[in-house]
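Report on the structure given below.
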Amino acid sequence: MIVKLEELDREIEKIYEEAVSFRRRLHEYPELGMEEVQTTAEIVEVLQKYEIKYKSFLPSGVVAYVGKPPYKRALRGDIDALNIIEQTNLSYCSKREGFMHACGHDMHTTSLLYSAILLKQMEEELREGILFIFQPSEENCKGANFMMETGALDNVEEIFGIHIFTDIEAGKISLEAGERMARTDKFKIKVEGAGGHAGKPHQCIDATVAAAALVLNLQSIVSRELDPIETAVVTVGSLHSGTAYNIISKEAYIEGTVRSFSEETAEKILAAIERIADDTARAYRATAKTELEVAAHPPLINDKEFIEKIMMVAKEYFKEDEWIHVNKMMLGEDFANYQKKMRGCFAFVGAGWGEYYPNHHPKFNPREDVLKQCIKLYISAAIA
């Protein structure tokens, strides 16, 4: 079953204003991972309005069903927001101080929901049932595993998802096979010295100095221990040390992330982090304790055969110049956890216009009419 482009565009236009209103409501009331209670309720309200079967979960998250079981294909959208103070000055700016949909998940949720509404209208013509996953907690890597643990995805064999990016021009789409997003590992290092008076450093072991040296030394791993052809990143995102200007710090805490595309590379980097932490601390008479969270996200690798099936439909809905090549990204994506158990593919959708602010920026503001493209992509994956 392939709906003609003109007919699909007409149907999208009929629901577009409602979809925009829904997206803006989500944007005004962002919620963090596993706290998306109001967001879940908003989704359920719309599903009930259009008489779409669903199941909601505690504390948050929803799956919806269109067509007849078994539901072997799933479409996924994430629903959580971020700890960011919004600075967009939009009329629908976040009303929850310190929280913001700064990664586009409100766009993903909306386009998935309204694709379900359109597919409900053609339910009798669907060859197989479609499962719609409104996933909580993508940003902290917990949501995909949570949804699978509910048992709702037990029969799913193929899964499709999207992500909008403002550093890609609006109207452009990347749906490519192979490596697309990175495996992510996390590390925490506690550096312990001996505190004391700032004026008597010889009586102390300065954890701040040892930690500072360690941060710099970690930067040599990618540049000096990996094959230059390998793609990897080691980033320290957090360094905390000390309590006052005139006290030499006893303890320092470092947190960071590793991004790579192979288990071998990741293991090499993580071993190097532990070695460098121990050796650097020892050089400054301190000690280091390293904790690793291995493979919070596995690498996201798109399935070639699944993409080919989707493209058979998508080529009817998108012009040739809308498809572009986008290099693989060192960002992590919880969607990859589904791919441990089923075939999957993930599309990048451009939402940038003119001077843009990137995802996770307090002025992040994707072009809203990209919702139409996202809906068409979801429908392409559903009926392929």
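The values are calculated or read from the model by the stated rules, or taken from the named source; none is laboratory data. Every value quoted in this text rests on a predicted model; they were computed, and no experiment measured them. With ideal geometry, Cβ positions are generated from the backbone for all residues, glycine too; neighbour counts draw on all protein chains shown.
Would a scan of region 260-268 turn up a residue that is more than 13 Å from R183 (Cβ to Cβ) and in the same structural domain as K188 (by TED's automatic domain parsing)?
no
If you take the residues in region 296-347 that are among the charged types (D, E, K, R) and in a loop (DSSP other than H, G, I, E, B), which one is nearest to C141 (Cα to Cα)?
E333
Using beta carbons and a limit of 7 Å, which pairs, at least six apart or on different chains, have the first residue in region 199-214 and closer than 21 Å to S238 by Cα and the second one in a strand (DSSP E or B) and of a type in the set (S, T, Y)?
From residues that are closer than 21 Å to S238 by Cα, the pairs are A207/S241; T208/S241; A211/S241.
Can you tell me which residue in region 244-270 is nearest to K186 (Cα to Cα), limited to those that are surrounded by 14 or more Cβ atoms within 10 Å (Cβ to Cβ) and of a type in the set (A, V, I, L, M)?
V258
Do the conditions hold for Y71, that is, is it assigned by TED's automatic domain parsing to the domain that holds H101 and not in a loop (DSSP other than H, G, I, E, B)?
no
Restricting attention to region 260-288, which residues are under 27 Å from the mean Cα position of the chain (by Cα) and farther than 17 Å from V215 by Cβ?
Across region 260-288, the qualifying residues are S260, F261, S262, E263, E264, T265, A266, E267, K268, A271.
Tally up the residues in region 106-145 that are over 15 Å from the mean Cα position of the chain (by Cα) and either closer than 20 Å to L58 by Cα or touching a residue at least 60 places away in the same chain (Cβ under 8 Å) (or both), please.
21
Filter region 8-25 down to residues that are more than 16 Å from L377 (Cβ to Cβ) and either outside any helix (DSSP H, G or I) or of a type in the set (S, T, Y) (or both), then give me how many there are.
1
Yes or no, residue by residue, for (1) within 33 Å of the chain's Cα centre (by Cα); (2) not assigned by TED's automatic domain parsing to the domain that holds Y284:
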{"position": "H163", "(1), (2)": "yes, yes"}
{"position": "K188", "(1), (2)": "yes, no"}
{"position": "H202", "(1), (2)": "no, no"}
{"position": "S220", "(1), (2)": "yes, no"}
{"position": "E230", "(1), (2)": "yes, no"}
{"position": "V236", "(1), (2)": "yes, no"}
{"position": "Y245", "(1), (2)": "no, no"}
{"position": "Y253", "(1), (2)": "yes, no"}
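Among the numbered criteria (1) assigned by TED's automatic domain parsing to the domain that holds K319; (2) surrounded by 19 or more Cβ atoms within 10 Å (Cβ to Cβ), which single criterion is violated by E149?
Going through the list (1) assigned by TED's automatic domain parsing to the domain that holds K319; (2) surrounded by 19 or more Cβ atoms within 10 Å (Cβ to Cβ), E149 breaks only (2).
Across region 342-364, which residue is surrounded by the most Cβ atoms within 10 Å (Cβ to Cβ) among those that are closer than 26 Å to M311 by Cα and within 16 Å of the chain's Cα centre (by Cα)?
A351
Looking at (1) more than 20 Å from E333 (Cβ to Cβ); (2) surrounded by fewer than 16 Cβ atoms within 10 Å (Cβ to Cβ), find the lone condition where L119 falls short.
For L119, the failing item is (2).
Do any residues in region 254-282 that are of a type in the set (D, E, K, R) have Cβ atoms under 6 Å from those of residues that are crowded, with 19+ Cβ neighbours inside 10 Å and assigned to a loop (DSSP other than H, G, I, E, B), where the two are at least six apart or on different chains, and which pairs are they?
Pairs found: R259/A182.
Name, by its number, the condition in (1) in a helix (DSSP H, G or I); (2) in contact with an Asp or Glu (Cβ under 7 Å, 6 or more places away or on another chain); (3) not aromatic (F, W, Y) that does not hold for G171.
(1)
Could you grab me the full set of residues in region 226-243 that are outside any strand (DSSP E or B) and surrounded by 16 or more Cβ atoms within 10 Å (Cβ to Cβ)?
So in region 226-243, the residues outside any strand (DSSP E or B) come out as 226-232, 242-243.
L226, T231, A232, G242, listed by residue number.
Only residues in region 1-25 that are farther than 17 Å from F318 by Cβ count as the first member; pair them with residues that are in a helix (DSSP H, G or I) and hydroxyl-bearing (S, T, Y), Cβ under 6 angstrom, at least 6 apart or cross-chain, and list the lot.
That search, which allows pairs on different chains as well, returns I15/Y114; A19/T110; A19/Y114; F22/T110; R23/T110.
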